[in-house]
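To start, the structure under review is shown below, and the notes come after it.
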């Protein structure tokens with residue numbers, strides 16, 4: 001009889017311990033995913049922002065004084081010129097946001113590739129973004145309507161960039177937690193905004 | 001048996017949980033590391049920009065400085081930058097600034113390169129009045145100048161002469177403003193200690209224009225300008241040598257580049273309808289009024305008078321009752337003034353519409369207080385059309401502006417290496 005009680009007790013304690021460990025494992029995995037996802041988003045955003053910010057700061061470098069610097073300025077695309085390698089050859093750089101259908105492999109249905117194209121080379125994806133918004137301002141702070149009219153491209157003095165990156169991989173929620181209009185999954189996200197980016201070469 | 005199993009279970013789960021805990025800790029550490037890397041990267045960029053600005057400041061203070069300098073910073077912007085100013089093969093300076101920052105896992109470097117535009121060529125007609133040497137002549141109450149004024153020497157002032165545009169001088173005002181009776185009125189301010197604006201070393205540029213597309217003579221000649229009919233740009237110039245007509249030049253002749261020159265004294269008078277520069281490697285002599293046919297602000301008539309030694313208002317009967325000059329005057333090594341200005345009776349006013357640039361300030365009269373004793377009273381007006389850098393007499397002398405305008409500001413692209 002004593003053995004039976006010992007076995008039953010051990011089984012109950014063992015089962016309880018397994019349940020606790022299972023719950024702890026779930027929590028640890030979820031936290032691990034969250035932290036990893038946050039870091040992934042952070043790194044994706046910073047890399048894209050660095051490239052974009054660096055290139056926009058150089059807009060017009062090596063370009064003659066009375067020659068156009070920005071060739072196309074729209075809400076989610078921009079084409080400008082500068083001498084990338086400072087080798088005396090002026091290059092044309094183009095940034096644009098792709099379509100959501102171009103990233104079918106990710107769980108996030110909102111992310112799109114951010115393309116960078118130099119001269120006539122093949123466009124390269126330099127990141128995945130969910131928001132890529134450009135605003136153009138004149139020296140007097142007037143916000144130019146997009147796409148900016150060709151006659152007013154030379155008036156652009158500063159560019160405001162807003163960029164959001166979301167985790168391509170979701171943290172799924174149980175159906176009971178999803179309210180009307182909400183997405184069925186959570187995505188960590190990070191927003192970056194450069195409100196007054198003025199190239200030194202645009203100030204002259 | 002049961003005790004051993006329990007021990008294995010406890011140790012096993014401890015290892016498992018320890019592993020999970022380590023992973024979480026690593027993620028947190030990496031996020032922190034990324035933040036540090038990002039901060040270091042920003043500092044690196046800011047230091048490089050700072051170095052470029054320091055170099056620019058140094059270059060603008062001393063345009064001849066060339067060299068390399070390293071500066072270390074502590075505190076928030078911990079790191080260093082090295083800036084250098086070197087010469088490009090063209091002789092134009094180039095500024096390079098490189099930062100150095102120790103990030104947690106790497107040494108970061110950013111580079112900023114600044115290139116300058118070529119020096120620009122400006123016409124002397126941009127100045128209403130300019131001298132290399134003012135001498136002992138003073139600006140006094142009643143003198144009013146419209147247009148920019150510059151002297152490579154000291155401007156002497158007493159009372160309240162009025163300057164409607166900016167005044168610049170290399171050596172300052174005498175006495176300094178507000179002292180010793182200097183109450184000059186500067187409507188657009190003044191600046192002292194500015195860089196010398198060098199005169200050309202000779203008049204070869206305009207002389208070449210006279211021989212290539214213009215008219216070049218030797219010896220003394222007389223140029224009589226005629227406005228032609230009321231039609232625009234149909235004026236002509238008659239050139240005499242020893243009293244004999246030697247040339248007739250239509251201002252609208254497409255093969256004529258607008259420059260007439262001679263190696264001797266050139267006497268000038270008449271009315272101009274067109275664009276013309278007259279120069280002499282010795283002196284110009286203004287024997288009567290020189291006027292534009294169209295004297296309104298919408299006129300396209302423009303005349304440049306350029307001489308090596310002097311431009312003088314002749315002491316003759318036509319000039320004894322006022323003198324009208326519509327022209328820009330440039331005397332490279334001498335002065336503009338009136339012949340025998342210190343003798344005879346007063347001759348009225350000199351009404352000049354244009355600009356005056358001369359090596360040494362000359363005189364047109366003598367005064368007792370504000371009353372003219374001999375020669376002329378000055379009534380000088382700057383021809384506002386000349387403030388447009390593109391509007392100038394043909395081949396008129398100019399100077400190079402060495403202001404080093406920034407033409408290119410280039411920054412290296414830096415990508416932080418995340419963990």
Task: Condition met for residue A:16 (more than 9 Å from chain B (Cβ to nearest Cβ) and either out of contact with any strand residue (DSSP E or B) (no Cβ under 6 Å at 6 or more places or on another chain) or more than 25 Å from residue B:34 (Cα to Cα) (or both)) - done: yes
- [ ] For segment B:341-419, please list each of the strands (runs of 3 or more DSSP E) lying entirely inside it that holds at least 1 residues being more than 14 Å from every other protein chain (Cβ to nearest Cβ), within 21 Å of residue B:197 (Cβ to Cβ) and modelled with pLDDT under 90.
- [x] B:371-382, B:398-401
- [ ] Kindly indicate whether residue B:12 is facing chain A (nearest Cβ under 10 Å), under 30 Å from residue A:3 (Cα atoms) and modelled with pLDDT of 80 or more.
- [x] yes
- [ ] Go through (1) surrounded by 15 or more Cβ atoms within 10 Å (Cβ to Cβ); (2) at pLDDT below 90; (3) part of a loop (DSSP other than H, G, I, E, B); (4) at negative phi and name the single condition residue A:105 misses.
- [x] (1)
Open item on the list: Could you go through segment A:80-88 and let me know if any residue there is over 26 Å from residue A:160 (Cβ atoms), surrounded by 15 or more Cβ atoms within 10 Å (Cβ to Cβ) and over 25 Å from the mean Cα position of the chain (by Cα).
Closed with: yes
Task: Residue that is nearest to the chain's Cα centre (by Cα) [pool: residues in segment A:25-38 that are facing chain B (nearest Cβ under 8 Å) and closer than 21 Å to residue B:36 by Cβ] - done: A:38
Task: Verdict on residue B:256 being in contact with a helix residue (DSSP H, G or I) (Cβ under 9 Å, 6 or more places away or on another chain), at pLDDT 90 or above and outside any strand (DSSP E or B) - done: no
- [ ] Evaluate segment A:39-58: report whether one residue or more is part of a loop (DSSP other than H, G, I, E, B) and either facing another protein chain (nearest Cβ under 7 Å) or over 16 Å from residue A:114 (Cα atoms) (or both).
- [x] yes
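Results for (1) touching a strand residue (DSSP E or B) at 6+ places or on another chain (Cβ under 7 Å); (2) surrounded by fewer than 14 Cβ atoms within 10 Å (Cβ to Cβ); (3) closer than 30 Å to residue A:22 by Cα; (4) more than 11 Å from every other protein chain (Cβ to nearest Cβ), shown as yes or no for each residue.
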{"position": "B:4", "(1), (2), (3), (4)": "no, yes, yes, yes"}
{"position": "B:7", "(1), (2), (3), (4)": "no, yes, yes, yes"}
{"position": "B:35", "(1), (2), (3), (4)": "no, yes, no, no"}
{"position": "B:40", "(1), (2), (3), (4)": "yes, no, no, yes"}
{"position": "B:46", "(1), (2), (3), (4)": "no, no, no, yes"}
{"position": "B:59", "(1), (2), (3), (4)": "yes, no, no, yes"}
{"position": "B:64", "(1), (2), (3), (4)": "no, yes, no, yes"}
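The values are calculated or read from the model by the stated rules, or taken from the named source; none is laboratory data. Only a predicted model underlies this, so the values are computations on that prediction, with no experimental measurement involved. A quick note on method: Cβ atoms are made from the backbone with ideal geometry, for glycine too, and the neighbour counts reach across all protein chains shown.
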